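Peer 1: There's a structure below that I have some questions on.
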Amino acid sequence: MNRVNLITLGTKDIIKALNFFQELGFDTAIRGPETNPAIIFFRNEGSRIALYPLEELAKDINSENPPTTPEGFPGITLAYNAKSKEEVDNVLQKARLVGAKIVKEPIATDWGGYGGYFTDLDGYYWEVAYGEDWEFDEANMLVID
């Protein structure tokens, strides 16, 4: 087991989340009626992302006793690896314009890169970062040795 194929984010409002991610530039595929989708898949490069109603995701894990999480940090971050500092700035600015909360403005990192964080409409943390020595493969995935 050496890959992640799909990351599913539970969302409180699937239509608002869909609009948010489409405005950020994600290409999406809707399953079910557009006014009340059952699930939304992202046609992104690399690992796939899906949006699914939060309550239904919890029930999928355990229908008898669905898990709950306390308010606050959900213990997961998602990352967008940029190819320049300018791209970091542009992505964070676009996120701000479509309703994201910038929780860390882009700065030089302690590991020699540059990056910042935003939270999406459901509170998931997204890192947008650049590393000068980073290399990408033909699928725009970060090459990790």
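Peer 1: Output the residue which, of all residues in the stretch 42-65 that are part of a loop (DSSP other than H, G, I, E, B) and modelled with pLDDT under 85, is most open to solvent (accessible area, probe 1.4 Å).
Peer 2: Residue satisfying both the conditions and the ranking: GLU45.
Peer 1: Which pairs do you get when a residue that is touching a residue at least 24 places away in the same chain (Cβ under 8 Å) and among the polar types (S, T, N, Q), found in the stretch 8-19, comes within reach of a residue that is assigned to a loop (DSSP other than H, G, I, E, B) and open to solvent by 10 Å² or more (accessible area, probe 1.4 Å), reach meaning Cβ atoms under 7 angstrom, with the pair 6+ apart or on two chains?
Peer 2: Qualifying pairs under 7 Å: THR11/ASP122.
Peer 1: For the list (1) in contact with a strand residue (DSSP E or B) (Cβ under 8 Å, 6 or more places away or on another chain); (2) open to solvent by 40 Å² or more (accessible area, probe 1.4 Å); (3) in a loop (DSSP other than H, G, I, E, B), I need the number of the one condition that GLU138 fails.
Peer 2: Looking at each condition in turn, GLU138 falls short on (1).
Peer 1: Would you please name the residue that is least open to solvent (accessible area, probe 1.4 Å), looking only at residues in the stretch 11-31 that are farther than 21 Å from GLY46 by Cβ and not in a loop (DSSP other than H, G, I, E, B)?
Peer 2: Per the criteria, the residue is ILE14.
Peer 1: Further question on the same structure: Just a yes or no: is a residue in the stretch 92-101 under 21 Å from GLY46 (Cβ atoms), open to solvent by less than 80 Å² (accessible area, probe 1.4 Å) and not in a loop (DSSP other than H, G, I, E, B)?
Peer 2: Within the stretch 92-101, one or more residues are under 21 Å from GLY46 (Cβ atoms), open to solvent by less than 80 Å² (accessible area, probe 1.4 Å) and not in a loop (DSSP other than H, G, I, E, B).
Peer 1: Quick one: in the stretch 100-135, which of the residues that are over 19 Å from the mean Cα position of the chain (by Cα) and aromatic (Phe, Trp, Tyr) is modelled with the highest pLDDT?
Peer 2: Step by step, filter the stretch 100-135, then rank; the result is TRP134.
Peer 1: Sticking with this one: Restricting the search to the stretch 102-128, which residues are of a type in the set (Gly, Ala, Ser), assigned to a strand (DSSP E or B), open to solvent by less than 60 Å² (accessible area, probe 1.4 Å) and more than 20 Å from GLU23 (Cα to Cα)?
Peer 2: GLY115
Peer 1: Filter the stretch 66-82 down to residues that are in a loop (DSSP other than H, G, I, E, B) and loosely packed, with under 14 Cβ neighbours inside 10 Å, then give me how many there are.
Peer 2: 9
The values are calculated or read from the model by the stated rules, or taken from the named source; none is laboratory data. Nothing here was measured: the structure is a model prediction, and the numbers come from that model. Note that we place each Cβ from the backbone using ideal geometry, even for glycine, and neighbour counts take in every protein chain shown. For the accessible areas, the whole protein counts, side chains as well, though only heavy atoms, and no ligand, DNA or RNA atoms are used. Shrake-Rupley method; radii C 1.70, N 1.55, O 1.52, S 1.80 Å.
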